[in-house]
Amino acid sequence: LPLLDVGRFAAKAFFLPKGSNDPVWPEGDNTVIKVEPAEYGCGCTFYTAFVRQFGPNKHRSVTSRESEHAIRALDESGYAVIPRSGTFRDLIKELDFIVQTLRCRIIQLLPIHPVPTTHARMGRFGSPFAALDLMDVDPALSEFDRRTTPLDQFLELVDAIHSRSARVFLDIPLNHTGWASRLLARHPDWFARNADRSFHSPEVWGVKWEDLVKLDYGRRELWTYMADTFLYWCRHGA
């Protein structure tokens, strides 16, 4: 039986009595055969990287004790205090250790999309899962460089990972977007609603994530949009 296609396949033998066209199926479950590419047969250790935690945030807390009082005062006055984030280039500096020393062959990046920095901002930086645009890169994850864009710097990271014979996996939150996302502004009809017509926020383990708005996959147009999202990032090496 040649196994030429990648995927999960189920099969079951049956008996065909002589002189009959009605198959007799034996009891029991199907035989399941899972076919994977040879390169994924072994050595597939994941390293999950949260880009924000590299660079200056690697060896210290996001805010020092000395600055906590000043930051709290600014917060109470309505300012959005967001410290410097780690960047794609900071992560590139760690790849030799991650790939060659730790022997990780798959680098999984937590969401890299823009997030709320004012309304519905959760945490000091804003939740990485509250994406405002699934086809864009958070500029906070890049360095200010007039020769490149944030997407260019993401591609630098992709190229650096591929050059070490490793792969890039992206964590893309497809169940929802952040409030005030580009998709919410353009297609509010693609989102789930409560009985009072307010936007529905997903809830897990009894916690409602109020900075998120759940997508409604009953809308077939949304399927096409998400397929385009997958293809967009595949074309960029992820």
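The values are calculated or read from the model by the stated rules, or taken from the named source; none is laboratory data. Predicted model only: the values in this text are computed from it and were never measured. All Cβ positions, glycine included, derive from the backbone under ideal geometry; neighbour counts span all protein chains shown. We work out accessible area using only protein heavy atoms, side chains counted, and drop any ligands, DNA or RNA first. Shrake-Rupley method; radii C 1.70, N 1.55, O 1.52, S 1.80 Å.
Taking Lys and Arg as +1 and Asp and Glu as -1, the other residues whose beta-carbon sits under 15 Å from that of residue 219 total 0. Relative contact order, whole percent, for the range 91-136 stands at 32, derived from Cα pairs under 8 Å and 6 or more residues apart. Protein heavy-atom accessible surface, 1.4 Å probe, per residue over the chain: 64 Å².
Relative to its Kirkwood radius, the Cα radius of gyration of the range 136-238 gives an Rg/Rh of 1.05. For the range 157-238, applying the loop criterion from DSSP together with a ceiling of 10 other beta carbons within 10 Å to the chymotrypsin sites (Phe, Trp or Tyr not before Pro) yields 205. The alpha-carbon of residue 93 sits under 20 angstrom from the alpha-carbons of these lysines, leaving out residues fewer than 8 places away in its chain: 58.
With a cut-off of 8 Å between alpha carbons and a minimum separation of six or more residues, what is the relative contact order of the range 137-209 in percent? Across the range 137-209, relative contact order equals 12 percent. Distance from the Cα centre of the range 78-126 to that of the range 192-238, in angstrom? Result: 22 Å between the Cα centres.
Take every Cα pair under 8 Å whose residues are at least 6 apart in sequence, average their separation, divide by the length of the chain, and the relative contact order is 16 percent. Residues whose amide H falls under 5 Å from that of residue 169, counting only those 5 or more places apart or on a different chain, are 107, 108, 109, with hydrogens built in the peptide plane. If you take all other residues with their beta carbon under 9 Å from the beta carbon of residue 111, and give Lys and Arg +1 and Asp and Glu -1, the sum is -2. Counting Lys +1, Arg +1, Asp -1, Glu -1, what net charge surrounds residue 182 among other residues with beta carbon under 12 Å of its beta carbon? Taking every other residue near residue 182 into account, the sum is -1.
Counting only protein heavy atoms, what percent of the accessible surface of the range 121-238 is carbon or sulfur at a 1.4 Å probe?
Looking at the range 121-238 in its full context, I get 55 percent from C and S.
In the list [x] 7, 27, 33, 24, 9, 1; [y] 9, 35, 37, 17, 2; [z] 6, 22, 27, 22, 12, 6, 3, 1, 0, the label attached to P(r) over Cα pairs in 10 Å bins from 0, in percent as derived from the coordinates here is [z].
How much of the DSSP bridge set in the range 101-218 is antiparallel, in percent, rounded to the nearest 5? DSSP beta bridges in the range 101-218 are roughly 65 percent antiparallel. Take 99-107, 143-151, 124-132 and order them by the average number of nearby Cβ atoms within 10 Å per residue, most first; the result is 124-132, 99-107, 143-151.
When both bridge partners sit in the chain, DSSP labels roughly 60% of those beta bridges antiparallel.
Restricting to DSSP loop positions (anything but H, G, I, E, B) with no more than 11 other Cβ atoms inside 10 Å of their own Cβ, which trypsin sites (Lys or Arg not before Pro) remain in the range 186-238?
197
With the cut-off at under 16 Å, measuring from each backbone N in the range 79-119 to a point 7 Å along the Cα-to-Cβ line of residue 152 picks out 88-89.
Compute the angle between helix 220-235 and the longest alpha-carbon principal axis of the chain, please, reported from 0 to 90 degrees and rounded to the nearest 10. Its long axis makes an angle of about 80 degrees. Note: the range 105-171, Cα convex hull, 96 Å³ per residue.
Bridging of residue 34 to aspartates and glutamates at a Cα separation below 19 Å is possible for 5, once same-chain residues fewer than 8 apart are set aside.
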